[in-house]
Amino acid sequence: MVRVKKTRKFAAVKRMLNPNDVRLKENQLKQKKKEEAEKEKATRRAPQVASSLFLQHNTALVPPYRVLIDTNFINFSLQNKLELVSGMMDCLYAKCIPCVTDCVMAELEKLGHRYRVALRVARDPRFERLTCTHSGTYADDCLVQRVTAHKSYVVATCDRELRRRIRKIPGVPLMYIVRRRYAIERLPDQGAPV
C-alpha cells in the first residue's frame, strides 16, 4: 500500500511578513522620510550664478576677447588654410588674445610628428599660455572646468561633444569653423555673419 503525502491546506498555513516589508507602517514612514531627505538635498544643489550674467547675456565678455583654443580647432584651421589670429579678428570684429592651456599643448605633443605644424602654431608668442592645476591631460575637461570657473572666455573648438557640453553652460560663446571660415555662436553682438 502506497502512502499518500498529505499537504497542508493553503489557508491553514500562517503567513508571516518580513520585518523589512514595505507594507508595514514603520517601514512606510522610514521610506517617506528618506524620500523627503533626498528631495531636500536635490533642491539645495543650485549652482552659484556668475554676477557677470544678465539673464543669458554675459557682461564680462568685452574686447579684447580671450579665446580658449582646443586641439582640433588648430588642426582644422590648418587643414582649411585659415590664419588663426586674423581669422578670429575678422569673425569677432575686435582684438583677440588666443589662449592655449597646458592640456592642449600636451595633447598636441602626444599626437606626434604628423601634427608638428599645429604644435608650432600653438607655440606662437602671440598666444597666451595658461597653466593647469588639475591632474591629467584631457583637454576637453580642462576647458569646461576653466570656462565654468571664469566666464570671461570664448571657446574655439570643432569637437561636437565639447560644443554640446559648453552649450549647457550659460553665457559662454562658441567659435567653430563653417564653410572655410570662423563662425561665432551665442555672443551678444554675434560677430560676422556666417
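The values are calculated or read from the model by the stated rules, or taken from the named source; none is laboratory data. As the structure is a prediction and not an experimental result, all values here were calculated from the model. Ideal geometry is used to build each Cβ from the backbone, glycine not excepted, and the neighbour counts take in all protein chains shown. These accessible areas exclude ligands, DNA and RNA; they are computed on the full protein's heavy atoms, side chains included. Shrake-Rupley method; radii C 1.70, N 1.55, O 1.52, S 1.80 Å.
Out of segment 73-87, which residues are within 20 Å of Arg167 (Cβ to Cβ) and buried (at least 22 other Cβ atoms within 10 Å of the Cβ)? Residue satisfying the conditions is Phe73 alone. Just a yes or no: is a residue in segment 62-71 surrounded by 14 or more Cβ atoms within 10 Å (Cβ to Cβ) and touching a Lys or Arg at 6+ places or on another chain (Cβ under 8 Å)? Yes, segment 62-71 has at least one match.
Take the conditions part of a helix (DSSP H, G or I), open to solvent by less than 70 Å² (accessible area, probe 1.4 Å) and in contact (Cβ under 8 Å) with a residue 60 or more places away in the chain and apply them to Leu143. Does it pass? In short, yes. Only one of the numbered conditions (1) in contact (Cβ under 8 Å) with a residue 60 or more places away in the chain; (2) loosely packed, with under 15 Cβ neighbours inside 10 Å; (3) not β-branched (Val, Ile, Thr) is not met by Pro125, and that is (1). Residues in segment 72-107 that are without any contact (Cβ under 8 Å) to a residue 60 or more places away in the chain, among the small types (Gly, Ala, Ser) and under 15 Å from Ala122 (Cα atoms): Ser86, Ala106. Summed over segment 160-185, the residues that are part of a loop (DSSP other than H, G, I, E, B) and surrounded by fewer than 19 Cβ atoms within 10 Å (Cβ to Cβ) give a count of 5.
For Lys110, state whether it is of a type in the set (Lys, Arg) and within 26 Å of Ser135 (Cα to Cα). When the stated conditions are applied, Lys110 passes them.
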